[in-house]
Amino acid sequence: MTAQGSCRIGESVSASILESWEELAADSYLKTKAVDGKRRNDAPVVFKEKYSPQRGIEYQRLKIGSQPVPVLAEVDVLVVGGGTSGAPAAYVAAEQGKKTIIIDLNPGFGGTGTYAGINDYWGNGKYNGFTARHVRTMDEIHEYIPNRFKMKWDGIITWNSQAKMYMWLREIRDSGAQILWNSVVIGSIMEGNKLSGVVVATPQGVYSIKSKVVIDATGDGDVAAFAGAPFVLGSSRDHVPLWYTLTKQIKPGFTKSGFQNIVDITNIHDYTRSAQTGLRIDRNAHDHSAYLAPRESRHVQGDVTITLTDHLKFRQWEDVINIHSSNCDIKGYHSSDWPRIGLMTPNVKVEIPYRSIVPKNIENILVVGKAFSAKHDSLAQIRMQHDLENLGGVAALAASDAIDNKVFPRGIDVKELQKKLIKIGLIPSDALGRKIESREYTEAELEDLIEHKDFIHTYYYEPYMPLDEMQYERMPFVEVCTSPKEKAIPVLERKLKENTGKRALRIAQALAMLGSGSGAEIIFEELQNQLNEWPFEDEKVRKSGQVSPDQGRMPLGANLVHALGMTRSELNIPAWELVSEYFQADANELIDFYSQKKDLFNYVDAVCYGAGLLGSRAAIPFLNKIHSNRFLKGQSIKNDTAVEYIRGIESEYILERLALLELIIGRALARSGSVDGLEILVEYLDDARAVLTEFAHTTLAKITEEDFGKNKQQWSAWVNAKASDFKPVPLMDRMDG
């Protein structure tokens, strides 16, 4: 048969199928029925959704009459999001014999690991549980869909993105789960505090899906947030998340990740702006990913919240369900005092408790992906794909147990779940029988820790601590700094008198972490040595390859400015005067703010952090001098300003860092009692970048204990009215994770 003949036959068959399409396809359709807003027992069903694109702004609202929404399906397990956690959650739930549907906004699965172009496991190459299954399956698929691109580091497992998409599709399809692509959940269906389903927008219309258990694997906690679960966007202090990535290619081959900008993924305007910004950054790159992947967005609050201190203390949980491991990859602005004081978190194994994936206040839902309950700096270490794939599978097993035992996921027997996880190899065999006790040291033991050779260890590595190495020994500095103040401070003060040099300085830093100023003079003396010559350069600082802030690394001088701030000592005033001299109006060039060696961002941030803690008008002249720098003043951009800022789309990511610094300065000025600081914050309420407006709004509300939303006119009127008697408002709650 000729090619032309084959085509004619194909056209004939296709025409015949089209003529009989409705009859042939009828049995394959998901059956739908209208839902009238009532349960069978006539209890009310409530539809809950995101109220507006951004809080604090009044939007014109259009009232639309109520109408029945067709029920597309009623299932046992509904998985919303088919990415890193959602894809394994779907096939595992279906393999447990549960009727399962998985929804994804893309026409395929994998999310960050496929559409976003992050096609590798950032880990040591030794994986277990569901992830080990995925590695084996990918090895088989790569035999006929080759993976031609390898990472330069040994142990990093990579994949062909198309092959990974195929792997997810095959696993989900073969498990019997139903698939719904190109669809987005726009609201949650609530019966009291019970989530009973979702409303989903598809290209063909709006439908509802009812489910016994919902697994929110959106990565952003969308379903839980719609339902009313409490959440924090980014850092709890200022709502700044980790940098997002929009991968690109310099040449055909391996994708290049991005580390530059921040996005409020829950805000449609900012999502769109950020995607366009990502396309403009890196002029030599092309073939950008179609999928913007945030490293962080919402943290849905669970019954427990994991902190960076938990990592450093090797905390054990009685309801442990997974073990995560990586370096602490803080791609962005840190919020914890650990990096501020100069302690870089080494590679550690972190236990994940079941209660961190069960949201507060809402029943019938589990949250996986990167949106489970953890602090900002904690997430940086426990967000890697190999760990989140396992977490998705764990959630599916928990959902199955809840259905089998006719209880909400909150009420399952976690011990029974743990038995399954031990068999799979996800948690250690002693997780069930061990006795978990908190350690409290005697004075003699504290003295031994202070004299330990590793007490002065900062865990800075150059080059990086290899990913296949782990820290298992307790860290003396951490153990001392987390001991009760009333016991630790007297011991540290005694040892301070007995020591000199590096150990004395580290003891002074430990005292600062505990809020004591006993070592302030030692810190100040060494800080003077560090600032003796310009530029601030420290060749020993671990280099990350990215512009600050990144991974919490900074020169010792910046650590010492932070430490002095924690003492709330008056010695801060001359220290800030020294630093401010380098930030006068024309003191720098833009290129200086890119320099890792000079690390200007962290020096400014350190001064501002200390000023916020001290809450003294004496800081105002030095903060104003820093703010007078031409690159740190007037950095707010609007939707209608200069051509190079078309609707907030910057051509250089450093501009966003400078704007963030101006906000940080404004916050410090306000806490120091300066009305100028309040005015800086007010100016950013209509900035084109949503994360910065949230920073400004949140900070104003915290400092003034007022809330006028993002209404600049009302805020300005309040500031003018209070200008004559506005007093300092020092930051009292210091540690964030």
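Structure summary
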item	result
All positions within the range 86-126 that are at pLDDT 95 or above, assigned to a strand (DSSP E or B) and of a type outside the set (A, V, I, L, M, F, W, C)	Thr100
Checklist (1) in a helix (DSSP H, G or I); (2) aliphatic (A, V, I, L, M); (3) modelled with pLDDT under 95 applied to Val547, failing item	(1)
Unmet criterion (only one of (1) surrounded by 15 or more Cβ atoms within 10 Å (Cβ to Cβ); (2) assigned to a helix (DSSP H, G or I); (3) in contact with a Pro (Cβ under 9 Å, 6 or more places away or on another chain)) for Glu447	(3)
Residue among Asn629, Asn602 that alone is part of a helix (DSSP H, G or I), buried (at least 19 other Cβ atoms within 10 Å of the Cβ) and not hydroxyl-bearing (Ser, Thr, Tyr)	Asn602
Qualifying residue in the range 139-160 (condition: of a type outside the set (Ser, Thr, Tyr), over 30 Å from Ile422 (Cβ atoms), buried (at least 24 other Cβ atoms within 10 Å of the Cβ) and in contact with a helix residue (DSSP H, G or I) (Cβ under 9 Å, 6 or more places away or on another chain))	no
Number of the exception - Asp139 against (1) in a helix (DSSP H, G or I); (2) in contact (Cβ under 8 Å) with a residue 12 or more places away in the chain; (3) not aromatic (Phe, Trp, Tyr)	(2)
Any pair with Cβ under 7 angstrom, 6 or more apart, that starts in the range 488-513 at a residue that is under 20 Å from Leu571 (Cα atoms) and ends at one that is of a type in the set (Asp, Glu)	Leu505/Glu526; Met513/Asp337
Matching option when the condition is surrounded by fewer than 21 Cβ atoms within 10 Å (Cβ to Cβ), modelled with pLDDT of 95 or more and of a type outside the set (S, T, N, Q), among Arg506, Arg494	Arg494
Qualifying residue in the range 309-318 (condition: on the phi > 0 side of the Ramachandran plot, surrounded by fewer than 24 Cβ atoms within 10 Å (Cβ to Cβ) and out of contact with any helix residue (DSSP H, G or I) (no Cβ under 9 Å at 6 or more places or on another chain))	yes
Within the range 165-181, considering residues that are in contact with a helix residue (DSSP H, G or I) (Cβ under 6 Å, 6 or more places away or on another chain) and not acidic (Asp, Glu), the one surrounded by the fewest Cβ atoms within 10 Å (Cβ to Cβ)	Gly176
Enumeration of residues in the range 664-687 that are surrounded by fewer than 22 Cβ atoms within 10 Å (Cβ to Cβ) and in a helix (DSSP H, G or I)	Val675, Asp676, Glu679, Glu683, Asp686
Any hit, the range 267-277, residues being out of contact with any strand residue (DSSP E or B) (no Cβ under 7 Å at 6 or more places or on another chain), in contact (Cβ under 8 Å) with a residue 60 or more places away in the chain, in a loop (DSSP other than H, G, I, E, B) and crowded, with 21+ Cβ neighbours inside 10 Å	yes
Filter result for Glu650 (modelled with pLDDT under 95 and not in a loop (DSSP other than H, G, I, E, B))	no
Residue in the range 182-199 that is surrounded by the fewest Cβ atoms within 10 Å (Cβ to Cβ), counting only those that are small (Gly, Ala, Ser) and not in a strand (DSSP E or B)	Gly192
Members of the range 688-714 that are under 19 Å from Asn261 (Cβ atoms), touching a residue at least 40 places away in the same chain (Cβ under 8 Å) and in a helix (DSSP H, G or I)	Ala690, Val691, Leu692, Thr693, Glu694, Phe695
Positions within the range 96-119 being buried (at least 20 other Cβ atoms within 10 Å of the Cβ) and either within 18 Å of Lys248 (Cα to Cα) or of a type in the set (S, T, N, Q) (or both), in sequence order	Thr100, Gly110, Gly111, Thr112, Gly113, Thr114, Tyr115, Ala116, Gly117, Ile118, Asn119
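Yes/no per residue for (1) surrounded by fewer than 24 Cβ atoms within 10 Å (Cβ to Cβ); (2) part of a loop (DSSP other than H, G, I, E, B); (3) among the basic types (Lys, Arg):
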| position | (1), (2), (3) |
| --- | --- |
| Ala380 | no, no, no |
| Glu389 | no, no, no |
| Gly392 | no, no, no |
| Lys406 | yes, yes, yes |
| Lys415 | yes, no, yes |
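Each row is one residue, and each column tells you yes or no for (1) closer than 30 Å to Leu391 by Cα; (2) charged (D, E, K, R); (3) modelled with pLDDT of 95 or more; (4) touching a strand residue (DSSP E or B) at 6+ places or on another chain (Cβ under 9 Å).
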{"site": "Phe408", "(1), (2), (3), (4)": "yes, no, yes, yes"}
{"site": "Ile412", "(1), (2), (3), (4)": "yes, no, yes, no"}
{"site": "Gln418", "(1), (2), (3), (4)": "yes, no, yes, yes"}
{"site": "Gly425", "(1), (2), (3), (4)": "yes, no, yes, no"}
{"site": "Leu432", "(1), (2), (3), (4)": "yes, no, no, no"}
{"site": "Glu443", "(1), (2), (3), (4)": "no, yes, yes, no"}
{"site": "Tyr459", "(1), (2), (3), (4)": "yes, no, no, no"}
{"site": "Met465", "(1), (2), (3), (4)": "yes, no, no, no"}
{"site": "Gln471", "(1), (2), (3), (4)": "yes, no, no, yes"}
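The values are calculated or read from the model by the stated rules, or taken from the named source; none is laboratory data. Remember, it's a predicted structure, so these values are computed and weren't measured experimentally. So basically every Cβ, Gly included, is an ideal-geometry build from the backbone, and we count neighbours across all protein chains shown.
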